[in-house]
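Following: one structure in structure tokens, then a few remarks.
The values are calculated or read from the model by the stated rules, or taken from the named source; none is laboratory data. Nothing here was measured: the structure is a model prediction, and the numbers come from that model. Every residue, glycine as well, gets a Cβ built from its backbone with ideal geometry; the counts of neighbours run over all protein chains shown. Ligands, DNA and RNA are stripped out before the accessible areas are found, and what is left, the full protein with its side chains, is counted by its heavy atoms. Shrake-Rupley method; radii C 1.70, N 1.55, O 1.52, S 1.80 Å.
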Amino acid sequence: MPLTPNGKIDRRAVADLFSKERSGGGSQPPRGPAEEAVAAVWEELLGISGIHRDDNFFSLGGDSLIATRMAQALRERHGVEVTLRQLFSAPTVAETAALIDSFEEGSL
């Protein structure tokens, strides 16, 4: 496992390894504005690029603290209040984007 200078697991380096593994796996890129926006937030918060629509936030190195930052970014950028519970139950780009779309449609 890659380590940081402090001897802890380097989550970004691990996520990069998964990103390199995924690149040949046939995953689909984000579709539509909501998925693209979610992927952009994830790339920023997780420090990785090439997020696919079926990628799992927690498998890429996300945790509850980063999820809190994601909820804040979604609130600031899209005006939607997404709870941590909702983010935990919708851990892929597509599922998180569906949450945003449902808020914008007023169905939640």
Flagged in the stretch 43-57 as in contact with a helix residue (DSSP H, G or I) (Cβ under 8 Å, 6 or more places away or on another chain) and either open to solvent by less than 70 Å² (accessible area, probe 1.4 Å) or outside any helix (DSSP H, G or I) (or both), in numbering order, are Leu45, Leu46, Gly47, Ile48, Ser49, Gly50, Ile51, His52, Arg53, Asp54, Asp55, Phe57
Taking Gly79 and the conditions (1) modelled with pLDDT of 90 or more; (2) surrounded by fewer than 16 Cβ atoms within 10 Å (Cβ to Cβ), which numbered condition does it fall short on, given that it satisfies the others?
-> (1)
Among Ala71, Ala40, Ala34, the single one that is open to solvent by less than 60 Å² (accessible area, probe 1.4 Å) and either in a strand (DSSP E or B) or free of Cβ contacts under 8 Å to residues at least 12 places away in the same chain (or both) is Ala40
Meets criteria (assigned to a helix (DSSP H, G or I), over 22 Å from Arg85 (Cα atoms) and either among the hydroxyl-bearing types (Ser, Thr, Tyr) or at pLDDT below 90 (or both)) for Ser27 | no
Residue selected from the stretch 59-68 under the condition more than 15 Å from Ala94 (Cβ to Cβ) and not acidic (Asp, Glu), by the criterion most open to solvent (accessible area, probe 1.4 Å) = Leu65
